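Data first, discussion second: the structure below is written as structure tokens.
Quick note: the coordinates plus some simple rules give every number you see, no bench work behind them. These numbers were taken from a predicted model, which means no experiment stands behind them. All Cβ positions, glycine included, derive from the backbone under ideal geometry; neighbour counts span all protein chains shown.
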Amino acid sequence: MDGKQQVVMVLRKTFQGGIIKRIPKNGRDARILLALAAASFDPGKDYSEPQANEQISEWKAGFTCPDEMDHVTIRRWLVDYHLLIRDADGSSYRANQMVI
């Protein structure tokens, strides 16, 4: 199975029923979903924390349960997976285009 087929399979499994309640537990599956979130950020643009939170909130608005999948958790996961780069003082974020 090639990479594109794997992504399609993961997204079909994750979005069963249309609404997702949590980030997948499987690391590979989580990374695929989080890469989609990171791809919603403008490449080369720095985001303040409130701007990053707003971008994530807009990205997830149509397909998540707002009370169960919050923007802060997603932002932390994006940083943990190195999909978003946080500057040293934690005041700004940008998409890590090297891994998306």
With an 8 Å Cα cut-off and a minimum separation of 6 or more residues, compute the relative contact order for the chain in percent.
32
Stretched fully, the stretch from Asp46 through His82 gains (0.36 nm per residue minus C-alpha distance, one decimal, in nm) 11.4 nm
Sorted from largest down, what three extents in whole angstroms do the Cα atoms of the chain have along their principal axes?
39, 32, 20
Would you please give the residues with an amide H less than 5 Å from that of Ser92, counting only those at least 5 places away or on a separate chain, with H modeled from the backbone geometry?
Asp87
Using the per-residue mean of other Cβ atoms lying within 10 Å as a proxy for protection, in what order, highest first, do the peptides 34-47, 72-85 fall?
72-85, 34-47
Sequence gap of 8 or more, or different chains, plus Cα separation below 18 Å: how many lysine pairs satisfy both in the chain?
6
